[in-house]
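The values are calculated or read from the model by the stated rules, or taken from the named source; none is laboratory data. Since the model is a prediction, treat every value here as computed from it, not as a measurement. We place every Cβ from the backbone using ideal geometry, glycine too, and count neighbours over all the protein chains shown. Surface accessibility is based on the protein's heavy atoms, side chains included, excluding ligands, DNA and RNA. Shrake-Rupley method; radii C 1.70, N 1.55, O 1.52, S 1.80 Å.
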Amino acid sequence: MPSPDPAVLARLRAIVGEAHVLTSPEDTIPYGFDGTAALKGPAGVVVLPGSTAEVSAVVRLACELNVPIVTRGSGTGLSGGSVPSEGCLVLCLTRLDKVISVDAANLTVRAQCGAITAAIDAAANKHGLFYPPDPGSMKISTIGGNVAENSGGLRGLKYGVTRDYVMGLEVVLPDGRIAHFGNACVKDVAGYSMKDLFIGSEGTLGIITEVLLKVVPRPAARRTMLASYDRMEDAAQTVSDIIAAKIIPCTLEFLDRMTIGCVEDYAKIGLPRDCAALLLMETDGHPSAVADEAEQMLALARARGARDVRVARDEAEALRLASARRSAFSALARVRPTTILEDVTVPRDKLAEMVSFVAEVAKKHRLLVGTFGHMGDGNLHPTFLTDERNTDEMARVHEALEEIVTKTLALGGTITGEHGVGLAKKAWLRRQVGEHSHDLMREIKRAWDPRNLLNPGKIFD
Amino acid sequence: MKPSLQLLDYSILQQCMHCGMCLPACPTYDATKKERHSPRGRISLMRAVADDELKISPAFADEMSYCLGCLACQTACPAGVDYSNLLETARAEVQSAGLNQTFTSRFWRAVTIRGLFMRPRLLRFAGRLLWLYQRLGLQTAFRMIGLTKLLPKDLRRLEPQCPTIATKFSPQLIRPVESPAKKQHRVALLTGCVQDLVFADINRDTADVLLANGCEVHTPPVQPCCGSLHAHNGEADAAKTLAKRMIDLFPPSQFDAIITNAGGCGNHLRHYGSLLAEDPVYAPLAKLWDAKLRDIHEWMMEHGCRAPQAGLGDLTVTYHDSCHLTHGQKVTQQPRDLLKLIPGLRLVELPEANWCCGSAGIYNITQPEQSEQLLVRKIGHVLGTGATVLATANPGCHLQIARGLRQAGSAVTLLQPVTLLARAYRKEKMTESMTA
Ligand SMILES: Cc1cc2nc3c(=O)[nH]c(=O)nc-3n(C[C@H](O)[C@H](O)[C@H](O)COP(=O)(O)OP(=O)(O)OC[C@H]3O[C@@H](n4cnc5c(N)ncnc54)[C@H](O)[C@@H]3O)c2cc1C
Ligand code: SF4
Ligand code: SF4
């Protein structure tokens, strides 16, 4: 809303309370962006509802006045999904942060949309249960944001992504009606699977207000090891060997040479700077199975020419080894003022090829790019270390990105494995999914939200 | 030249990639769940000022004052954003724009920052008066006849817990130079302002710990304030003057280490290099100064602190991290390791040990409500541990938490790690002389 009409503000205040409608620049400027580099927009009015009923009432009012709504969780998104658009109302859901209940008999957790991902896992943990999706932002991301982006994490290969844990949703529709989809039944084939339409919908189809999640028993044991290689291909081949040996580890994460150097500069863990790849491997489950699998993984890594494999003896050492991977992003983010984190994904057997392609492109365009990511599921994070004020360098970043996307699609991959399309990747969506699929997506959006009030301009124009 | 956000190296602002990883660590965001009260939000406001999209307004000034300056965001930040530098610049700009909050906070600034903390002798004199007032029983008399009710509300809240001023200040307890039996290092000991007024005995304990570990301790009787209060509250020029006086008094080339035992001062003392970077004469000295500066716990563990041979009996102790020690100076493990050296002492972890207690410089005076909420939260955790002693290493935290414990009617004793260690060394000496 450009210059908020006092009468409208009064109605918004009547719905959510005086303190939860923000209009001054000091209050709204901080809602002008999410976690995406170099994107921002004007957050005219920010509304923080305290219940599903309030969300519904705000949506009805916006609908009546034809005001677009940009839904926001914690604003950690990496594709610009919650960046405000001109004349919009920002609906920020962080007050709806309760983990409502844990049902140990049915293995479910019910939570409000603004509940923090880590708080959901902590609540499950109290009952010996486990919520596996662990995006790097889990200490602050909201579950609503996770569902809206279908977020992944480090455990994708074995445990899947957010979608695999959503059993039910409460959603406020574009006209303000409150609808419920799914339930606590493991089996349910009654009609279309409507909840699946909302997972990954990036705030364009409805506002998720409550979620019912599946949880699983917490694994009793875990083993961690870190292997270094002279060639990225050998690391990738180790992963294929492990999977061919019928082992599904919970974590298979890699760092490339550039990232290893940055991590070592920053954390001084004692990593070999001259190796081309580090592979962090973790297996979890029943203690005896874990011991057995760990031994096999060690042997397979050695057989593929791993220069060195460190196996953690205890939890403390496991944490130390894992910190090499965990600090990758922090180490890279310190190098230059602007950090652009991409998440192209290719079929697993194409990963090594993709990593070396990224390194070549970076060299060609004289850019600093470190790549790390999830080797088990082919999801890489080429991270551009740059400066948004340097227009010449930014132009080269865009050229490089274009080449990386083209290669990704040629290898049968996707422009985004977990961060979503938002604003940042919508130019490439049609190229990836094809015109019919792209048209169908837009038709669904149009049918559902004919006045284009929910997160307009995200995913497609 | 006045410090300003527009003149600040823009890459310091740009370093924030607005990822939000600092939000869960920030006490003011935790309390309100509003972006404006988060590190990311505050940085975005500073950037808007730098970009000329926002004027320095009363709301901006309030926001900078509502920040605790606890620097928990700096520990949480993956991108290494120098929040402390940003906050100081923003506060200085608020200061020079003349937008300075309430009457009470103006009053306190005038009395403390511009007055007392610029003049060490005057500060001690004021301390002495306060001591007299307390000793002569005027305090009790005033309270009984209700005179204290005439004080503004914020002050009234703090007055009953106003720190009891020490009977003796540091120079009466520590000689200018004290030497150990076998000298291995030559160190300077900074006595601090609040530490010196209220906790001079802790300075004595620090000297004893150093002596027991082969350090010759140099403690000039009159020392300037380090300038941290000034820098944190937007008085950059005063901070620079004080830094230079400090360097003059302790030429860094003459010592193996310059020791501080107050977390808040230490964090500021380590950054004289950047504070005086533009000064042709002092810049190189300040750099050397930074390299020599050590927190007492850090210095002790760096040189393999000797474990005392005697303990203090069975003691369950928990430890509260002072913000500026843990987030500012990154000294987190050393105080714990130091405590564990004492025979018979059992250390239990305090939940949320590194969450601000609400003291935060003069925050408990300028933002009483938020400060009180943080204090209550801290006391709850302390009581939950079942420890009989709470150790912490910063005079501000010490005063604040001691006040909270008294308010809660708790019997938990508050001591600093060096005090416990010094007592163990004294016990050791006694045992030795008895057996001899
Ligand atoms: C340091 C860092 C690490 C990250 N690591 C990962 C990772 O490992 N894996 C991964 O997948 N992502 C990762 N992300 C991206 C991001 O954290 C996720 O996309 C997360 O799910 C966003 O949650 P949020 O609450 O911040 O949502 P926001 O950023 O506020 O919103 C994201 C999108 O969801 C919509 N939305 C939010 N809440 C709702 C709701 N209740 N109903 C409907 N729509 C809604 C918004 O409109 C927007 O389109 C990372 C981000 C950062 C900064
Ligand atoms: S210094 Fe403390 S209160 Fe201020 S923004 Fe950082 S974490 Fe929040
Ligand atoms: S964690 Fe650091 S980079 Fe991220 S928003 Fe906070 S200050 Fe900015």
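Applying the criteria of a DSSP loop state and at most 13 other Cβ atoms within 10 Å to the chymotrypsin sites (Phe, Trp or Tyr not before Pro) of the stretch B:335-436 yields no site.
Run the dipole for the protein assembly as shown about the Cα centre, Lys and Arg Cβ at +1, Asp and Glu Cβ at -1, nothing else charged, and hand back the magnitude in debye, nearest 20. Let's see the in-between values first.
Details: 100 positive and 95 negative charges, 569 e Å.
The calculated dipole for the protein assembly as shown is roughly 2740 debye.
Taking a ≥ b ≥ c as the square roots of the Cα gyration tensor eigenvalues, with a/c under 1.5 meaning rounded and otherwise prolate when a/b beats b/c, else oblate, which class fits the stretch A:13-114? It comes out oblate by the Cα gyration axes.
What do you get for the angle between helix A:52-65 and the principal long axis of chain A? Use alpha-carbon atoms, 0 to 90 degrees, nearest ten. The angle comes out near 60 degrees. Would you calculate a helix-derived [θ] at 222 nm for chain A, using -39,500 (n - 2.57) for each DSSP H run of n ≥ 4 and dividing by the full residue count, to the nearest 500? Here the helix-only value at 222 nm equals -11000 deg cm²/dmol. The C-alpha atoms of chain A define a longest principal axis, and helix A:232-244 lies at about 80 degrees to it. Ligands, DNA and RNA left out, the accessible area of the stretch A:221-330 computed with a 1.4 Å probe is 50% carbon and sulfur. Dipole of the protein assembly as shown computed with +1 at Lys/Arg Cβ and -1 at Asp/Glu Cβ about the Cα centre; of A:Val58, A:Pro6, A:Ile178, farthest Cα towards the positive end is A:Pro6.
Beyond 16 Å, what percent of the Cα pairs of the stretch A:354-452 remain?
Summing the P(r) tail past 16 Å for the stretch A:354-452 gives 63 percent.
Where Lys and Arg each count +1 and Asp and Glu each count -1, what net charge lies around A:Ile247 among other residues with Cβ under 12 Å from its Cβ? Taking every other residue near A:Ile247 into account, the sum is -3. In this structure the amide hydrogen of A:Leu89, modeled in the peptide plane, comes within under 5 Å of the amide hydrogens of A:Ile69, A:Val70, none closer than 5 places in sequence on its chain.
Amide H to amide H, with H built 1.01 Å from N, A:Arg155 comes under 5 Å of A:Asp134, counting only residues 5 or more places away or on other chains. Solvent-accessible surface of chain A, taken per residue with a 1.4 Å probe and all protein chains present: 40 Å². Within straight-line reach of B:Lys429, meaning a Cα separation under 27 Å, sit the following lysines at least 8 residues removed in sequence or on another chain: B:Lys168, B:Lys182, B:Lys183, B:Lys340. Keeping the other protein chains in place, figure out the carbon and sulfur percent of the accessible area of the stretch A:99-217, with a 1.4 Å probe. Taking all protein chains in place, the stretch A:99-217 shows 56 percent carbon and sulfur surface. Charged side chains reduced to their Cβ positions (Lys and Arg at +1, Asp and Glu at -1) give the stretch B:10-100 a dipole of some 220 debye around its Cα centre. Considering all C-alpha pairs of chain A, those separated by over 37 Å amount to 28%.
Residues in the stretch B:45-52 carry Karplus couplings, in order, of 5, 4, 5, 4, 5, 4, 7, 6 Hz; the curve used is 6.51 cos²θ - 1.76 cosθ + 1.60 with θ = phi - 60°, and Gly or Pro positions show x.
Taking +1 at the Cβ of each Lys and Arg and -1 at the Cβ of each Asp and Glu, which of A:Thr371, A:Gly114, A:Val189 sits farthest along the dipole of the protein assembly as shown towards its positive end, judged by Cα position relative to the Cα centre? Projecting each Cα onto the dipole axis, the largest value belongs to A:Gly114.
Between the stretch B:202-265 and the stretch A:147-180, the C-alpha centres lie 56 angstrom from each other.
Ranked by the mean number of other Cβ atoms within 10 Å of their residues, highest first, the peptides B:235-245, A:8-18 fall in the order B:235-245, A:8-18. Among the protein heavy atoms of the stretch A:6-92, carbon and sulfur supply 59% of the accessible surface, probe 1.4 Å, non-protein parts ignored. Compactness of the protein assembly as shown is given as radius of gyration and Dmax, 29.5, 95 Å, from Cα positions.
Oblate is the label for the stretch A:141-209, because a/c, from the alpha-carbon gyration tensor with a ≥ b ≥ c as root eigenvalues, is 1.5 or above and a/b does not exceed b/c. When both the stretch B:26-41 and the stretch A:250-305 are represented by their alpha-carbon centers, they are found 37 Å apart.
Taken about its Cα centre, chain A carries a charge dipole of roughly 280 debye when the Cβ of each Lys and Arg holds +1 and the Cβ of each Asp and Glu holds -1. The phi-based Karplus calculation (6.51 cos²θ - 1.76 cosθ + 1.60; θ = phi - 60°) puts the 3J(HN,Hα) values of the stretch B:414-430 at 9, 9, 9, x, 5, 5, 4, 5, 4, 5, 5, 5, 5, 4, 4, 4, 4 Hz, whole numbers, x for Gly and Pro. Under the combined filter of DSSP loop state and at most 10 neighbouring Cβ atoms within 10 Å, the stretch A:291-345 retains these trypsin sites (Lys or Arg not before Pro): A:Arg313. Using every pair of distinct Cα positions in the stretch B:10-100, the Kirkwood expression returns a hydrodynamic radius of 13.0 angstrom. Rg and Dmax of the stretch B:322-427, based on Cα coordinates, read 13.7, 43 Å.
Which of the pairs A:Lys40/A:Lys214; B:Lys244/B:Lys292; A:Lys139/A:Lys363; A:Lys214/A:Lys426; A:Lys98/A:Lys426 have their Cα atoms more than 24 Å apart in this structure? Result: A:Lys40/A:Lys214; A:Lys139/A:Lys363; A:Lys214/A:Lys426; A:Lys98/A:Lys426 exceed 24 Å. I'd like the interface area for chains B and A: accessible area of each alone minus the complex, both sides summed, 1.4 Å probe, protein heavy atoms only. What is it in Å² to the nearest 100? Buried area between the two chains comes out at roughly 2600 Å². Inter-chain Cβ neighbour count for B:10-17, averaged per residue, equals 5 (cutoff 10 Å, partner chain atoms only). From the Kirkwood radius over Cα pairs of the stretch A:99-217, Stokes-Einstein at 20 °C and 1.002 mPa s returns a whole-number translational diffusion coefficient of 152 µm²/s. Within the protein assembly as shown, DSSP assigns beta bridges of which about 70% are antiparallel (rounded to the nearest 5). The mean count of C-beta atoms from other chains within 10 Å of the C-beta of residues in B:36-42, rounded to a whole number, is 4.
Legend: residues in the stretch A:29-58 shielded by at least 50 square angstrom of accessible surface upon adding the remaining protein chains to the isolated chain (1.4 Å probe, heavy atoms) are A:Ile29, A:Pro30, A:Phe33. Backbone geometry of the stretch A:83-94 corresponds, through the Karplus equation with coefficients 6.51, -1.76 and 1.60 at θ = phi - 60°, to 3J(HN,Hα) couplings of 6, x, 9, 3, x, 8, 10, 8, 9, 9, 9, 5 Hz, x marking Gly and Pro. In the stretch A:355-461, a dipole from Cβ-located charges (positive for Lys and Arg, negative for Asp and Glu) runs towards its positive end, and of A:Val361, A:Thr414, A:Met394 it is A:Thr414 whose Cα lies farthest in that direction.
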